[in-house]
Every structure is written in C-alpha cells, then in structure tokens.
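The values are calculated or read from the model by the stated rules, or taken from the named source; none is laboratory data. Note that the coordinates shown come from a computational prediction; the quantities given were computed from them, not determined experimentally. We place every Cβ from the backbone using ideal geometry, glycine too, and count neighbours over all the protein chains shown. Surface areas here come from the heavy atoms of the whole protein model, side chains and all, with no ligands, DNA or RNA. Shrake-Rupley method; radii C 1.70, N 1.55, O 1.52, S 1.80 Å.
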Amino acid sequence: MARRKLVVGNWKMNGLRAHLPQIAAIGEEAAAYPSVETGLCVPATLITMANEVKGAAFIGGQDCHAKGNGAHTGCLAADMLKEAGATWVIVGHSERRADQGETDSDVAGKALAAHAQGLKVILCVGESLEIRDSGEALSFVLAQLEASLPEGAASDWLSIAYEPVWCIGTGRIPTMDQIADMHGSIRNALVQRIGDDGNAMRILYGGSVNAANAAEVFAVADVDGGLVGGASLKVESFGPIIAAAAA
Ligand code: PEP
C-alpha cells in the first residue's frame, strides 16, 4: 500500500524567536518536496510564531494533557495547542515516559484527547538498551504499542514512531535488518488490532536520523518516514532528510 512519507522534526526544549528564520527555511524546503508531508514539533511557546512563517511545513506540539482543563500546573490541553496553531502533537516520547513517568495508559489518553480536538498524533514507542541487549525488544515494543494505542486509532489521524531509546541523540542506529524486523512486526500488530487500516498507518523511524543515513533508513520496508531530533534544528541538516524521503 502506498503511504505518503512523513518527516517530522522534534525540536524538544530548543527554540526561541531568533530561530524563526530556520523554521521559515525548513518550510520552504518542505514546499520543494510536496510528495513528503513535513512538519516541526516546536516548544509550545513558539507555535503561534512558527505558524506565521511555516511555509509548507505543519507545526505541532510535543505533548498534551489527557484532560481538557483543570488543576494541572504547567500542562497544556489539546485545545490550547490547537488554538495556538498546532495541527499535530507528539505523545509518548521516551523522554517524557522517562522524565515525567508517563505510562502507556497516559499516552493512550493523550492521543484520544488530541484526536478529540482534531489534532493529528505521532505516538512513540521504543525499547531501552537494556531491553535490546536482553533480546526482548520486539515483545517489549509490541506490548507498549498494544497498551498505548487508543481505541479507535486510525491511519488518518495517528502515526507510530518507533524510537529505540538507545539511538536517541546518541549517533547510533540499529542495523537495517533490526529496523525492518521491528517495523514489520509493528505493521503486523497494527493489522491485527485495527484491521486493514493498519496497512495504511504510517510507521516512522526515529533515533539519530541524519543526512548521511536517511536514504538507507527510509528505503527499509515499512519505514514511512522519520521523527528527527537534533538534525531537524537547522535547514542544512534537515533539508537533505526531507529530500531523502522524497527520493
Ligand atoms: C527524538 O528525540 O525524537 C529523536 C529522534 O532525536 P535524535 O534524532 O536527536 O536522535
């Protein structure tokens, strides 16, 4: 099944007004490769400003709360992201699972809250190095997927990002065989869970994607694009990744 490639930058806790020209340049690059859906998930403080310069890129947030409002100091509800101008949001990033103790059921709740506001969702899963070394990566990730994927998940609003924790920001990536194995297993699990629409759901790879390895990674079966951290901060490094997805 043909799936449009999706390349999304995760700016994490990086980005001030001074970085808007980079967003504008990335938006221009996105326009040059219309076969690829390109976006940037920026800090919430930048969403409104980023929207003004985003060109052909979409702007997303990096997390939302599962509840609509209330006593949750420092948190953001999905409708707040939407009002600021976000059209997408990442949920379940491993840094939030580790730093904020987010559970699989929290992640499923966040995805549903985002969907209820019309936001598209990138739901992250991935194993630690300890789990990879123990030989349990496949079963761990499939269990995480099963428990994090909300009821009613569908390919027109939700994509999966497989992000091995040991590859995030480390410069390491799995072998292409390991990526193919994991993405193929996630694909099978999606089809089992949601039926044929599982074949249409995009599965991104994330973890140290860069200009040098993007083409090889994106050529792997069932890799439908990438979630990119460090290399998405500058058009010089992100542009070639978008181009690789278009090739
Ligand atoms: C990420 O944090 O989602 C990520 C993939 O980071 P990096 O590309 O820097 O490894």
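Here are a few things to note about the model shown:
- Boolean, Gly118 is buried (at least 18 other Cβ atoms within 10 Å of the Cβ) and either within 16 Å of Lys67 (Cα to Cα) or touching a residue at least 40 places away in the same chain (Cβ under 8 Å) (or both): no
- Qualifying residue in segment 130-151 (condition: basic (Lys, Arg), over 28 Å from Ala77 (Cα atoms) and in contact (Cβ under 8 Å) with a residue 24 or more places away in the chain): yes
- Every condition in (1) within 25 Å of Ala246 (Cβ to Cβ); (2) surrounded by 17 or more Cβ atoms within 10 Å (Cβ to Cβ) is met by Gly55 except one, and the failing one is (2).
- Given (1) within 16 Å of the ligand (Cβ to nearest atom); (2) surrounded by 22 or more Cβ atoms within 10 Å (Cβ to Cβ); (3) not in a helix (DSSP H, G or I), number of the condition Ala153 does not satisfy: (1)
- Close pairs from segment 166-191: first of a type in the set (Ser, Thr, Tyr), partner more than 15 Å from the ligand (Cβ to nearest atom), Cβ under 6 Å, at least 6 apart: Ser185/Leu138
Yes/no per residue for (1) within 16 Å of the ligand (Cβ to nearest atom); (2) within 30 Å of Pro34 (Cβ to Cβ):
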| position | (1), (2) |
| --- | --- |
| Ala56 | no, yes |
| Ala66 | no, no |
| Ala71 | no, no |
| Gly85 | no, yes |
| Gln100 | yes, no |
| Val107 | yes, no |
| Leu112 | no, no |
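- Applying the set (1) open to solvent by 60 Å² or more (accessible area, probe 1.4 Å); (2) in contact (Cβ under 8 Å) with a residue 60 or more places away in the chain to Ser94 leaves exactly one unmet item: (1).
- Gly61 vs. criteria open to solvent by less than 70 Å² (accessible area, probe 1.4 Å) and on the phi > 0 side of the Ramachandran plot: no
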